[in-house]
Amino acid sequence: CLTSPGKKSISLEFRQVGDAKVKWSAGYVLYKGSKQAIPIVLHKSEVTDQPPDRPWEFEDTWVEVIGGKVTGSYTVSHQGANITSFTYKSAKEGKEFSFTQDLDHIGEHACKW
């Protein structure tokens, strides 16, 4: 669960699934108040830090696909389950939005909005 800062904050749920054996990953983003999830596909993943005795840090880029077209991208930096940076960039307008983890709304199977 993530929320953007500011008066008109945006909240979203980010979920990913995958199978490392076949090197496949996909997921979805569900915005608060929306009834339809937006499918996302992993575009690239890079190791950004390899600290000893701790989980590695990664930067993943996901693309959102609506109507068969790429409409934006999400860049996620994470170390284990901890998201250290999360941004969305619109493909059409180039606008960028930053989000932070919203630990108060994490539920067992979904965000508790």
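The values are calculated or read from the model by the stated rules, or taken from the named source; none is laboratory data. Given the structure is predicted, the values throughout are model-derived calculations rather than measurements. Here the Cβ is made from the backbone with ideal geometry for all residues, glycine too, and neighbour counts use every protein chain on show. All accessible areas refer to the heavy atoms of the entire protein, side chains included, with ligands and DNA or RNA removed. Shrake-Rupley method; radii C 1.70, N 1.55, O 1.52, S 1.80 Å.
Data table
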| read-out | value |
| --- | --- |
| Accessible area per residue, Å², the chain with all protein chains present, probe 1.4 Å | 69 Å² |
| Share of carbon and sulfur in the accessible heavy-atom surface of the chain [1.4 Å probe, %] | 52 percent |
| Dipole magnitude of the chain about its Cα centre (Cβ charges: Lys, Arg +1; Asp, Glu -1), debye to nearest 20 | 540 debye |
| Cubic angstrom per residue, convex hull over Cα atoms of the stretch 35-113 | 123 Å³ |
| Residue-by-residue Karplus 3J(HN,Hα) for the stretch 39-44, coefficients 6.51, -1.76, 1.60, Hz, glycine and proline x | x, 10, 10, 5, 8, 7 |
